[in-house]
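Novice: Below is the structure I would like to discuss, written out as structure tokens.
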Amino acid sequence: MKEWITYHYDFQIEKIVNRYGISEMLAEALVNRGLFDWKSMDQYVFPDMECQHNFSEMKDGIETASILEEKIKEGKKIKIIGDYDVDGVMSTYILYRGIEMLGGKATYRIPHRVCDGYGIRDYMVTEAKEEGCDTIITCDNGISAVDAVNKAKELGMTILITDHHEVPLDDGEEVLPPADTVVDPKQKACQYPYKNLCGAGIAYKLMRYLFQKNGIKNCEEELLPFAAAATVCDVVPLLGENRILVKNGLEYLKKTTNKGMRALIEAMELSKEISSYDLGFRIGPCINAAGRLDDARRGVELLLEQDEKAVVKKACELVELNNERKNYTAKATEQAIAIIESGEMANDRVLVIYLKDCLESVAGIVAGRICEKYYRPAMILTKGKKGVKGSARSIDGYHVQKELNRCKDLLLEYGGHAKAAGFSLLEENVDRFRKQLNENCTLTDEDLIEKVYYDREVPLAEININTVLQLNYMEPYGEENRAAIFLRENVVITSVFLCGKEKQVGILRIKDGNRLYDGVDFQCEQHIGEAICERYGEKTWEDLKQGRNTGCKVDILYKPSINDRNGNVQFQIEDCR
């Protein structure tokens with residue numbers, strides 16, 4: 001059972017209403033997002049590009065830009081080494097296109113997920129040298145690449161690190177690679193005010209700094225949409241500077257001239273009004289699918305392609321790859337659930353599931369689904385070419401990267417964030433790893449109850465089209481910036497029509513007071529179904545689905561929206577009890 005929670009801050013809502021000319025509902029939602037001062041609230045309400053922090057404030061920022069600018073002027077060949085996820089692909093494209101627009105010579109290398117693994121390797125440095133590259137710049141990786149950086153210095157190369165991941169620690173002390181420069185706002189010595197940029201956000205800010213310095217004015221049109229896509233897909237907080245990047249990036253995405261991105265949008269039949277949801281759940285997975293089932297280079301190639309026929313073909317291939325990925329993911333998720341339901345992990349607070357035959361490339365998605373279903377930290381392990389590879393996803397209160405650090409004696413490699421990480425270990429250590437994680441785990445019973453936050457109780461009659469349009473100003477939604485959610489108790493579900501491929505989408509009629517309203521529940525069996533079964537029994541739920549019952553009272557958490565087909569307000573069910 002989930003716990004529904006709302007906050008009641010002692011804050012003068014009326015002053016916010018008067019300052020911005022907004023409704024009490026929106027004002028209260030802003031406070032509930034942690035915006036407790038006028039500066040942070042102003043930045044949220046007016047996310048102007050001028051409100052960004054200057055890249056020069058970042059440790060080694062000016063030095064990195066100066067070295068890169070000098071190498072471009074000298075005509076030196078620059079190698080970009082990225083990563084195989086959306087952030088890595090977009091970071092690589094931003095640097096490549098940016099260097100090209102500045103008149104430089106660049107090439108790129110995206111590590112293969114299975115053959116190379118994560119991050120820059122010493123043999124990639126050797127390859128770059130043999131190709132005649134003078135300089136290497138990383139994006140979305142490199143903060144832990146001590147060996148590769150040593151190799152670059154041994155070969156007399158310049159190497160610039162740009163990354164956003166946590167800095168590795170040894171006995172509490174940071175271990176930084178001995179690169180010419182290291183740009184990562186998570187370094188202790190970095191005074192940059194905003195620590196939550198993704199890799200592409202940092203790459204974009206580097207290029208923006210150089211563009212402004214050199215009088216090039218179209219950085220936003222050319223590069224910002226790709227930083228926005230990465231920011232959403234890398235699940236970093238969509239507040240502060242990230243909100244600025246995504247809010248403005250979505251506007252530039254509407255009119256992007258990038259043929260690859262346009263072809264992908266058209267292949268997916270998306271509307272002109274691309275949202276953060278489209279980036280995170282439609283466009284991003286297609287880019288990611290290349291790295292999961294084939295080679296992530298295909299994502300960069302799509303964005304760089306200029307031939308009209310070739311770009312359409314490449315976009316359609318990525319969409320098809322993503323469809324294949326969905327099938328693999330569904331099968332592996334079913335296998336993981338079967339293992340958990342067998343009972344052998346009944347007492348585990350950290351779920352460590354070894355699926356030998358699972359594709360390494362979908363392990364992270366499966367871990368995410370298991371984490372969501374059971375509300376436990378989840379780790380999916382797969383058989384790799386050298387030992388066992390693992391992907392972890394976590395919940396609030398369990399910093400998975402730090403927990404892996406406590407098990408580093410059993411790991412070959414590891415790295416990541418609070419909510420997601422990757423690692424590898426020897427097969428004979430799998431059971432010890434599972435045992436040690438659970439012995440170290442300090443999560444309480446209370447921690448393992450999922451908290452669902454809502455903003456206030458609002459009768460359905462108080463929601464109209466203008467209300468929804470004003471609330472939509474909170475877009476783009478994402479990590480730490482959820483849509484406004486409201487509570488309404490004792491509404492009556494008068495009818496349910498199930499549709500969709502797996503009959504999970506419920507089209508609802510909801511009675512509140514004396515009026516009927518349109519509703520939709522995209523996980524109807526889990527939300528409306530479970531609530532009615534618990535209150536009235538399974539037969540009542542079956543009768544309701546068959547139209548034989550029209551009076552089941554439930555409490556709902558809902559998000560108001562506008563139905564694209566008829567333009568009316570509808571109420572999307574987020575949870576039910």
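The values are calculated or read from the model by the stated rules, or taken from the named source; none is laboratory data. Model, not experiment: these values are computed from the prediction. Glycine gets a Cβ as well: all are built from the backbone with ideal geometry, and neighbour counts include every protein chain shown. Calculation scope for accessible area: heavy atoms of the full protein, side chains included, ligands and nucleic acids excluded. Shrake-Rupley method; radii C 1.70, N 1.55, O 1.52, S 1.80 Å.
Novice: Taking the structure as given and computing Rg/Rh (Cα atoms, Kirkwood Rh), which label from (1) 0.97; (2) 1.01; (3) 1.05 fits?
Specialist: (1)
Novice: Please give the calculated 222 nm ellipticity per residue for the chain, where each DSSP H segment of at least 4 residues contributes -39500 (n - 2.57) and the sum is spread over every residue; nearest 500 deg cm²/dmol?
Specialist: Roughly -12000 deg cm²/dmol at 222 nm, from the helical runs in the chain.
Novice: Before anything else, pin down the relative contact order of region 191-331: Cα pairs under 8 Å, at least 6 apart, normalised by residue count, whole percent.
Specialist: Relative contact order here is 21 percent.
Novice: Only bridges whose two residues both fall in region 249-399 count here: according to DSSP, what percent of them are antiparallel, nearest 5?
Specialist: Just about 60 percent of them are antiparallel.
Novice: What does the charge count around ILE340 come to, taking other residues whose C-beta lies under 14 Å from its C-beta (Lys +1, Arg +1, Asp -1, Glu -1)?
Specialist: 0
Novice: Right, next: Put a dot 7 Å past each Cα toward the Cβ at ALA330 and LYS408; how far apart are the dots in nm?
Specialist: 4.2
Novice: What number, in percent, do you get for the relative contact order of region 51-120 if the mean sequence gap of Cα pairs under 8 Å and at least 6 apart is divided by its residue count?
Specialist: Relative contact order here is 32 percent.
Novice: Out of the DSSP beta bridges found with both residues in the chain, what percent are antiparallel (nearest 5)?
Specialist: 65
Novice: Defining a contact as two alpha carbons under 8 Å apart and six or more residues distant in sequence, what relative contact order in percent does the chain show?
Specialist: It comes to 11 percent, rounded to a whole number.
Novice: Let me see the pair-distance distribution of region 312-424: every alpha carbon pair, 10 Å bin width, integer percents in order.
Specialist: That works out to 14, 43, 32, 9, 2, 0, in percent per bin.
Novice: Just to confirm the filter: which GluC sites (Glu not before Pro) across region 106-169 are DSSP coil and have at most 15 other Cβ within 10 angstrom of their Cβ?
Specialist: Sparse-neighbourhood loop GluC sites (Glu not before Pro): GLU131.
Novice: Quick one: accessible area per residue over the chain, 1.4 Å probe, rounded to a whole number of Å²?
Specialist: Computed with neighbouring chains in place, this is 45 Å² per residue.
Novice: Right, another one. On the protein heavy atoms, probe 1.4 angstrom, tell me the percent of accessible surface of region 420-495 carried by carbon and sulfur.
Specialist: Looking at region 420-495 in its full context, I get 46 percent from C and S.
Novice: A further question on this structure: Efficiency by 1/(1 + (r/R0)^6): what FRET value for THR107 and GLU70, r their Cβ-Cβ distance, R0 = 22 Å, to the nearest 0.05?
Specialist: After rounding, the FRET efficiency stands at 0.75.
Novice: Quick one: Cα convex hull volume of region 445-539, Å³ per residue?
Specialist: For region 445-539, the hull spanned by Cα atoms encloses 161 Å³ per residue.
Novice: Sticking with the crude label model, points 7 Å out along Cα→Cβ, report the distance from GLN306 to ILE13 in nm, one decimal please.
Specialist: 5.7
Novice: Roughly speaking, what is the stretch gain from ASN566 to ASN347, that is 0.36 nm per residue apart minus the C-alpha to C-alpha distance, in nm to one decimal?
Specialist: 73.9 nm
Novice: State which helices in the chain qualify, where a helix is a whole DSSP H run, it must extend 20 Å or more along its own axis by its Cα atoms, and its mean Kyte-Doolittle hydropathy must be at least 0.0.
Specialist: 86-101, 199-213, 219-233
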